[in-house]
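A.B. asks: First the structure, then my questions, so here it is.
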Amino acid sequence: MILSFIFILFFHPFKNGIDLLCLLRDRRIAQQRIRTVRAVLDAPLRFCALGVPLDAEAYKKALGSRSGRFFGWDGPLSVTDGKNGEEDACLRIVFAYPAACRTSAAGMTGKEASYVSFRSKLSRTDFDPDIYDKPGSIKNWVTFANSDPPRAPLTVSSFSEYSLKLRSFDNDEVRIPKGEELLLLRVLECWAGRDGIFYTNDHRASGAQPRENGVCDLRFRLEEGLLTIYVIARGEDKSLSPGRIEGEEKCTPEMLSRWRGVSEYVLYCEKFVVCMPNVPARSQ
């Protein structure tokens, strides 16, 4: 009887302690998934619209009427419906990653390719020599923020350690100033699939690339130069109050109505706001 009393006395606190540890572990797993989403988007958002025309019409004109879905986007940053029709569930980013190389002299190129020299050694891994001069692929596209015309995309025709042979598909003449930084053009889409996986589509590769499991929903809102990102991620333990949602105040009503009570896991909400330094303040 004494042992039974002692067991009953300590059983519930012990069980509650174990449950708390499981909940903390589950929450940590979900928060790590949310941090992965933020880490993947960090550089693309920081360099979004760098070296790319900001206005939708100027953007389409600069990229020209070539094959590829991203040529007709509404500028370098846009939010659209998701792959399965969810509202504001897909983010499209066009950005230019600085290559830490600057031109050693003023140069000129156009539809006829010509060489542009640089002060420091270029990295061959930034380019794909097997598809030089192919306008439908973005792998070898570069740009310069202060070229004339400005932000005009160019493609690499050949590579050497200190120079690139560049050409334009749309401009007869592009002037590049001395000391201008080389920018590597990149295109990215991201969304959460119905399978609970966070996907990106880097247009240098083909198809969607899975980046993180357990990301149930992603929504985006672009307004006045600020991008708000809403994330719902799940934990891993099905024994912890399935269908419960933590942090409801960090999500939109539409997301909550979709997910409340339907998951086998505890769901965790997060919201973060990113200031877009290269994107003009305008409502979407």
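The values are calculated or read from the model by the stated rules, or taken from the named source; none is laboratory data. Because the structure is predicted, anything quoted here is derived from the model rather than measured. Note that each Cβ is placed from the backbone with ideal geometry, even for glycine, and that neighbours are counted across all protein chains shown.
A.B. asks: Identify, by number, the condition in (1) of a type in the set (D, E, K, R); (2) at pLDDT below 80; (3) in a helix (DSSP H, G or I) that residue 57 doesn't meet.
C.D. replies: (2)
A.B. asks: Moving to a separate point now. For the range 69-106, name all the residues that are in contact with an Asp or Glu (Cβ under 9 Å, 6 or more places away or on another chain), surrounded by fewer than 19 Cβ atoms within 10 Å (Cβ to Cβ) and over 30 Å from residue 230 (Cα atoms).
C.D. replies: Once the filter is applied, which keeps residues that are in contact with an Asp or Glu (Cβ under 9 Å, 6 or more places away or on another chain), surrounded by fewer than 19 Cβ atoms within 10 Å (Cβ to Cβ) and over 30 Å from residue 230 (Cα atoms), the range 69-106 yields 99, 100, 102, 106.
A.B. asks: Does the range 217-272 hold any residues that are surrounded by 22 or more Cβ atoms within 10 Å (Cβ to Cβ) and of a type in the set (Lys, Arg), and which are they?
C.D. replies: Those that are surrounded by 22 or more Cβ atoms within 10 Å (Cβ to Cβ) and of a type in the set (Lys, Arg): 219, 234.
A.B. asks: Looking at (1) in a helix (DSSP H, G or I); (2) within 21 Å of residue 184 (Cβ to Cβ); (3) of a type outside the set (Asp, Glu); (4) modelled with pLDDT of 80 or more, which is the one condition that is false for residue 62?
C.D. replies: Against the list (1) in a helix (DSSP H, G or I); (2) within 21 Å of residue 184 (Cβ to Cβ); (3) of a type outside the set (Asp, Glu); (4) modelled with pLDDT of 80 or more, residue 62 comes up short only on (4).
A.B. asks: Suppose the filter is without any contact (Cβ under 8 Å) to a residue 40 or more places away in the chain, in contact with a strand residue (DSSP E or B) (Cβ under 7 Å, 6 or more places away or on another chain) and of a type in the set (Ser, Thr, Tyr); does residue 143 pass it?
C.D. replies: no
A.B. asks: Looking at the structure I just gave you, is residue 72 free of Cβ contacts under 8 Å to residues at least 40 places away in the same chain, out of contact with any Gly (no Cβ under 7 Å at 6 or more places or on another chain) and not charged (D, E, K, R)? Before the answer, list the steps.
C.D. replies: Numbers: free of Cβ contacts under 8 Å to residues at least 40 places away in the same chain: yes; out of contact with any Gly (no Cβ under 7 Å at 6 or more places or on another chain): yes; not charged (D, E, K, R): yes.
Spelling it out, residue 72 is indeed free of Cβ contacts under 8 Å to residues at least 40 places away in the same chain, out of contact with any Gly (no Cβ under 7 Å at 6 or more places or on another chain) and not charged (D, E, K, R).
A.B. asks: Sticking with this one: For residue 137, indicate whether it is polar (S, T, N, Q), in contact with a helix residue (DSSP H, G or I) (Cβ under 7 Å, 6 or more places away or on another chain) and modelled with pLDDT under 90. If you could, list the steps in order and put the result at the bottom.
C.D. replies: Numbers: polar (S, T, N, Q): yes; in contact with a helix residue (DSSP H, G or I) (Cβ under 7 Å, 6 or more places away or on another chain): yes; modelled with pLDDT under 90: yes.
For residue 137, the condition - polar (S, T, N, Q), in contact with a helix residue (DSSP H, G or I) (Cβ under 7 Å, 6 or more places away or on another chain) and modelled with pLDDT under 90 - is met.
A.B. asks: Of all strands (runs of 3 or more DSSP E) completely enclosed by the range 107-212, which ones contain at least 2 residues that are within 21 Å of the chain's Cα centre (by Cα) and buried (at least 18 other Cβ atoms within 10 Å of the Cβ)? Spell out how you get there, then give the answer.
C.D. replies: On the way: elements: 107-109, 114-117, 141-143, 154-160, 163-167, 174-176, 181-192, 197-202.
Strands (runs of 3 or more DSSP E) meeting the threshold: 141-143, 181-192, 197-202.
A.B. asks: Show the residue pairs that are 6+ apart or on different chains and have beta-carbon atoms under 6 Å apart, the first residue being within the range 104-127 and within 14 Å of residue 158 (Cα to Cα) and in contact (Cβ under 8 Å) with a residue 12 or more places away in the chain, the second being small (Gly, Ala, Ser) and outside any loop (DSSP other than H, G, I, E, B).
C.D. replies: 113/157; 115/163; 116/107; 117/163
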